[in-house]
Amino acid sequence: MLAKVISASVLGIDAFLVEVEAHMESQLPSFTTVGLPDSAVKESKERVNAAIKNSGFPFPQKRITINLAPADVKKEGSAFDLPIAIGLLTASGLLTQDQIKDYVILGELSLDGGLRAIRGALPIAVQVSQSAYKGIILPKENAREAAMAQNLEVYPVSSLQEAVELLQQSAKPSPFRVDLNEVFSVNRHYHIDFMDVKGQEHVKRALMIAAAGGHNILMIGPPGSGKTMLAKRFPTILPDLTLAEALETTKIHSVAGLLPSDSALIATRPFRSPHHTISDAGLIGGGQVPRPGEVSLAHHGVLFLDELPEFKKNVLEVMRQPLEDGCVTIARAMLSLTYPAQFMLAAAMNPCPCGYSTDPSHECSCTPLQIQRYLARISGPLLDRIDIHVEVPAVKYSELSSDSSGEPSERIRERVKQARRIQLERFSKHNNVFCNAHMETRDIRQFCQLDQAGQNLLKNAITKLGLSARAYDRILKVSRTIADIESSQHILPAFVSEAIQYRSLDRYSTM
């Protein structure tokens, strides 16, 4: 007696179909699962046994062999519980092969026969929608997420018994559907706004420039100056996510099991803020079965690293590759996975170990050598990838007590979007360049030409202020972005002067 049920699994952020074969023989009772199952899949035999009995169905007392094909790809997770149970009931004669052949079945079983949510429902649903199968049967908790895939019939069930009844019906009920565009429009609003921030107008402008040009930014200031508050509002001034970007971001969170239960689609820019004790695997991704890390969870959004010098050196160094390539490749003995990681880096740090070297209200207790060692924790190659360094002073009482509110994020975002449109038009014939921060040396020479006054100003900054050579290209890129914000075709000396201000850490390093 043999039954075949179609299920699916996730590899990276993409899914692949798995054929669950259930074979039974009249021999001594046993239960064997083959096809490179992980521990969660191997343990499914106990859950399936209890779920079938507690759902009122007889469990076959025979030699049972479950094969998960293709057999050369590792299967992991608990989503194979329901297809294994359906396969056994089909092999027992309760269901027919014709009743199950058109559906992809997924679900984790509880001992009483109920179904629990699974990871990766969205990438699996997208894969099924591109196949020849009619629809997908999965737990109710995953229904809205799976319905984000277009042209797919989604049938949510809450128990094994309900799944069997659904398959036995000759006329299926109406599939679960949602309006993707409506969900996208409803969920694309932020709950925080730049107008909540008192003062710090020059830092807000620096963040606007960073958003307009896709530049990474580092904020330097004493504790309590508002660095974290500003960083959290940084995504609110970035251009809105497109539907394709929202689906790709949601797939990553779905695979990681971090998609909120009340949300089927991530329609706002993600903001990730890992603690400085995070490991390199936690930041980049990894594990025995590789999982996406924080850099991938921040895809199309912002990765905020607070207290940047407190991160372990090896953790910061492994971040250089995703900053450069926009993706992370994790290699293991049996497989190699690539996760997308196109994020903007926003970092914050104190100017010294005690934090008060730039605060006139507090006395700094650090020696020059301590400050130098503290700043040296950030390597030059990492600093190379951060275009804007901005000082964040302590907020004055007059600004804190003021009744006036700042400029709202929506108004700032409009200026950012206008600058991005100018850049998209400029780089329309350049592959893989979508904003000023992505310009290579050849692009900088073409699009960042200065007049004589601008060249003299930049020369004086490099020589007299002691700015490093790596600051040269960064200043030109930021100057180009400022010109785009001002809708200027030419880079004026005033734009260069402002860009020079955003190299604070270079000046610190020469002290």
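Summary of computed values
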| item | result |
| --- | --- |
| Criterion: over 30 Å from I444 (Cα atoms) and either open to solvent by 40 Å² or more (accessible area, probe 1.4 Å) or of a type in the set (V, I, T) (or both) - qualifying residue of L424, L369 | L369 |
| Selection count, the range 263-296, where residues are under 17 Å from D325 (Cβ atoms), open to solvent by less than 50 Å² (accessible area, probe 1.4 Å) and in a helix (DSSP H, G or I) | 5 |
| Matching residues in the range 161-198 - criterion: being of a type in the set (A, V, I, L, M), closer than 17 Å to K232 by Cβ and outside any helix (DSSP H, G or I) | I192, V197 |
| Count of residues meeting criterion [out of contact with any strand residue (DSSP E or B) (no Cβ under 9 Å at 6 or more places or on another chain) and open to solvent by 90 Å² or more (accessible area, probe 1.4 Å)] in the range 142-160 | 2 |
| Subset of the range 132-160 that is hydrophobic (A, V, I, L, M, F, W, C) and assigned to a helix (DSSP H, G or I) - its residue that is nearest to L122 (Cα to Cα) | A146 |
| Every pair of residues 6+ apart whose Cβ atoms lie under 6 Å, when the first sits in the range 312-325 and is closer than 10 Å to R385 by Cα and open to solvent by 50 Å² or more (accessible area, probe 1.4 Å) while the second is in a helix (DSSP H, G or I) and of a type outside the set (A, V, I, L, M, F, W, C) | R320/P381 |
| Which listed residue, of P123, P139, is free of Cβ contacts under 8 Å to residues at least 60 places away in the same chain and open to solvent by less than 60 Å² (accessible area, probe 1.4 Å) | P139 |
| Single unsatisfied condition, K75 versus (1) at pLDDT 95 or above; (2) among the charged types (D, E, K, R); (3) open to solvent by less than 10 Å² (accessible area, probe 1.4 Å); (4) farther than 23 Å from L152 by Cα | (1) |
| Residue satisfying condition, being exposed (fewer than 15 other Cβ atoms within 10 Å of the Cβ) and over 19 Å from L335 (Cβ atoms), within set E21, E43 | E43 |
| The range 106-120: number of residues that are of a type in the set (D, E, K, R), over 22 Å from A3 (Cα atoms) and either open to solvent by less than 50 Å² (accessible area, probe 1.4 Å) or not in a strand (DSSP E or B) (or both) | 2 |
| Residue match in the range 439-460 (condition: under 26 Å from M195 (Cβ atoms) and open to solvent by 60 Å² or more (accessible area, probe 1.4 Å)) | no |
| Some residue of the range 90-105 being open to solvent by less than 10 Å² (accessible area, probe 1.4 Å), in contact with a strand residue (DSSP E or B) (Cβ under 9 Å, 6 or more places away or on another chain) and under 16 Å from A146 (Cα atoms) | yes |
| Neighbours by Cβ (under 6 Å, 6+ apart or cross-chain): first from the range 32-47, modelled with pLDDT under 95 and of a type in the set (V, I, T); second assigned to a loop (DSSP other than H, G, I, E, B) and open to solvent by less than 60 Å² (accessible area, probe 1.4 Å) | V41/F80 |
| Verdict on N49 being touching a Phe, Trp or Tyr at 6+ places or on another chain (Cβ under 8 Å), closer than 20 Å to L138 by Cα and open to solvent by 20 Å² or more (accessible area, probe 1.4 Å) | yes |
| Near pairs, Cβ below 8 angstrom, 6+ apart or cross-chain, from the range 71-91 (within 16 Å of L160 (Cα to Cα)) to any residue that is hydroxyl-bearing (S, T, Y) and assigned to a loop (DSSP other than H, G, I, E, B) | T90/T96 |
| In the range 217-235, the residues that are open to solvent by less than 20 Å² (accessible area, probe 1.4 Å) and in a loop (DSSP other than H, G, I, E, B) | G221, P222, S225 |
| Cβ-Cβ under 6 Å pairs, at least 6 apart or on other chains, the range 374-386 side touching a residue at least 60 places away in the same chain (Cβ under 8 Å) and outside any loop (DSSP other than H, G, I, E, B), far side among the aliphatic types (A, V, I, L, M) and open to solvent by less than 30 Å² (accessible area, probe 1.4 Å) | L382/L316 |
| Conditions (1) within 20 Å of A471 (Cβ to Cβ); (2) within 15 Å of the chain's Cα centre (by Cα); (3) open to solvent by 70 Å² or more (accessible area, probe 1.4 Å): number failed by Q342 | (1) |
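The values are calculated or read from the model by the stated rules, or taken from the named source; none is laboratory data. For clarity, every value in this text was computed on a predicted model and none was experimentally measured. In this analysis, Cβ positions are derived from the backbone assuming ideal geometry, glycine residues included, and neighbour counts consider all displayed protein chains. With ligands, DNA and RNA removed, areas are computed over all heavy atoms of the protein, side chains included. Shrake-Rupley method; radii C 1.70, N 1.55, O 1.52, S 1.80 Å.
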